[in-house]
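Asks: Once you've had a glance at the structure underneath, I'll fire off some questions.
The values are calculated or read from the model by the stated rules, or taken from the named source; none is laboratory data. Here the structure is a predicted model, which means the values were calculated and not measured. Positions of Cβ are generated from backbone atoms using ideal geometry, with glycine treated the same way; all protein chains shown enter the neighbour counts.
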Amino acid sequence: MTLELFDYSPITERPQLTWPEGKRVAFYVGLNVEHFLVDRPSTSIWPLELVPDALNYGWRDYGARVGIWRIIDILDKHGIRASTLVNSMVAEHNPQIIKAGVERDWAWLAHGSTNSILHTGLEADEERKVLTEIVDTIHNASGSRPKGWMGPALTETFNTPKLLAELGLKYVLDWTNDDQPYRLNVPGMISVPYTLGLNDLGLFLRGTSGPEFLQMVKDQYDVLRDESEHSGRVMALALHPFVIGQPFLAKYLDLALEYIASQPDVWLTTSDEIAEHYLKA
């Protein structure tokens, strides 16, 4: 099967990409704000099929109860607005998080209904209905209509970008294959870079330490800044409150964002603003 959603485009053969005020690296925090079901296997620290799954559910639920509030304090400290990848069920189950994000003018991206259900196996008419409900729920809760999408565990169907465009969305994060935005073969839709490399969930489940995470963030920025001498780059940092929100790791998030925010060449922004700037340019 040939993928027709986008064309191959080497980063060495594109027009120059510039950011506001001559900044070289557009940096955003992709904050995963998710709701999980207690009777479904999902992101697990121990892969056991338990019903109810107190072991894994409790670990995940720590993010909504405690971790998110620790992260909010750190983001506020460094003047960073989150690009919030939010499950629509959060609006019902954790409205205080939505309220906190609205007060801080976070960007809101549709991230499925719950991370316990992947966005797969849907026929077009059924998917249109599901996506409409997700987008409308987030819009009603936050007061802002989502412009971007990232599926639970980065899942889509072949129809997802087209159906999102029908709903007025402008970009997806699911295709983590670039350091710059690029146009999809769906009118009006683009891909904005997200990251599996600098993603706390994958890193820390593989045993990465806090100091190693800090050095990785610094190295990622430094290399992208050097490469962006003639054309801008995007740096995404993917966070999950039940992971990086743990006290022994949050300390290193604080230090990492302190480093990023101190850089003269960085544009501290959101994925919404990156997409808007690219589409205008």
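Asks: Just one of Thr114, Thr120 is farther than 12 Å from Ala91 by Cβ and either touching a residue at least 12 places away in the same chain (Cβ under 8 Å) or surrounded by fewer than 22 Cβ atoms within 10 Å (Cβ to Cβ) (or both); which is it? Give the steps one after another, and end with the answer.
Replies: On the way: Thr114 fails: farther than 12 Å from Ala91 by Cβ.
Exactly one residue qualifies, and that residue is Thr120.
Asks: Please go through segment 60-98 and give me each residue that is buried (at least 23 other Cβ atoms within 10 Å of the Cβ), at pLDDT 95 or above and out of contact with any strand residue (DSSP E or B) (no Cβ under 9 Å at 6 or more places or on another chain), ordered by number.
Replies: Within segment 60-98, Gly67 is the sole residue that qualifies.
Asks: Tell me which of these Ser116 doesn't satisfy, since it passes every other one: (1) in a loop (DSSP other than H, G, I, E, B); (2) over 22 Å from Ala238 (Cα atoms).
Replies: (2)
Asks: Considering only segment 165-209, how many residues are part of a helix (DSSP H, G or I), within 14 Å of Gly148 (Cα to Cα) and among the charged types (D, E, K, R)? Break it down into steps so the answer makes sense when it comes.
Replies: At the first step, the residues of segment 165-209 found to be part of a helix (DSSP H, G or I) are 165-166, 200-205.
Right, trim to within 14 Å of Gly148 (Cα to Cα) and you get 165-166.
Remaining after also requiring among the charged types (D, E, K, R): 166.
The number of residues fulfilling the criteria is 1.
Asks: Quick one: in segment 204-217, which of the residues that are more than 11 Å from Tyr252 (Cβ to Cβ) and of a type outside the set (Gly, Ala, Ser) is surrounded by the most Cβ atoms within 10 Å (Cβ to Cβ)? Show your work before the answer.
Replies: Filtering segment 204-217 down to residues more than 11 Å from Tyr252 (Cβ to Cβ) leaves 205-207.
Pick out the ones that are also of a type outside the set (Gly, Ala, Ser) and you get 205-206.
Working: Leu205: 13, Arg206: 7.
That would be Leu205.
Asks: Quick test for you: out of Pro193, Pro161, Pro146, Pro152, pick the one residue that is crowded, with 20+ Cβ neighbours inside 10 Å, over 16 Å from the mean Cα position of the chain (by Cα), within 22 Å of Ala238 (Cα to Cα) and modelled with pLDDT of 95 or more. Talk me through it step by step, then tell me what you get.
Replies: Numbers: Pro193 fails: over 16 Å from the mean Cα position of the chain (by Cα); Pro146 fails: over 16 Å from the mean Cα position of the chain (by Cα); Pro152 fails: over 16 Å from the mean Cα position of the chain (by Cα).
Going through Pro193, Pro161, Pro146, Pro152 in turn, just one is crowded, with 20+ Cβ neighbours inside 10 Å, over 16 Å from the mean Cα position of the chain (by Cα), within 22 Å of Ala238 (Cα to Cα) and modelled with pLDDT of 95 or more: Pro161.
Asks: Quick check on segment 210-250: of everything there that is assigned to a helix (DSSP H, G or I) and among the acidic types (Asp, Glu), which residue is nearest to Ile190 (Cα to Cα)?
Replies: Quick first cut of segment 210-250, residues assigned to a helix (DSSP H, G or I) only: 210-227, 247-250.
Next cut, among the acidic types (Asp, Glu) only: 212, 219, 222, 226-227.
Details: Glu212: 32, Asp219: 27, Asp222: 26, Asp226: 25, Glu227: 22 Å.
Result: Glu227.
Asks: Here's something else I'd like to know. Filtering segment 251-281 down to residues that are without any contact (Cβ under 8 Å) to a residue 60 or more places away in the chain, of a type in the set (Ser, Thr, Tyr) and assigned to a helix (DSSP H, G or I), which residue is surrounded by the fewest Cβ atoms within 10 Å (Cβ to Cβ)?
Replies: Once the filter is applied, the top-ranked residue is Tyr259.
Asks: With the structure loaded, tell me whether Glu227 is within 25 Å of Ile97 (Cα to Cα), among the charged types (D, E, K, R) and either in contact (Cβ under 8 Å) with a residue 40 or more places away in the chain or surrounded by fewer than 21 Cβ atoms within 10 Å (Cβ to Cβ) (or both) or whether it fails that test. Lay out the reasoning, then the answer.
Replies: Values: within 25 Å of Ile97 (Cα to Cα): no; among the charged types (D, E, K, R): yes; either in contact (Cβ under 8 Å) with a residue 40 or more places away in the chain or surrounded by fewer than 21 Cβ atoms within 10 Å (Cβ to Cβ) (or both): yes.
For Glu227, the condition - within 25 Å of Ile97 (Cα to Cα), among the charged types (D, E, K, R) and either in contact (Cβ under 8 Å) with a residue 40 or more places away in the chain or surrounded by fewer than 21 Cβ atoms within 10 Å (Cβ to Cβ) (or both) - is not met.
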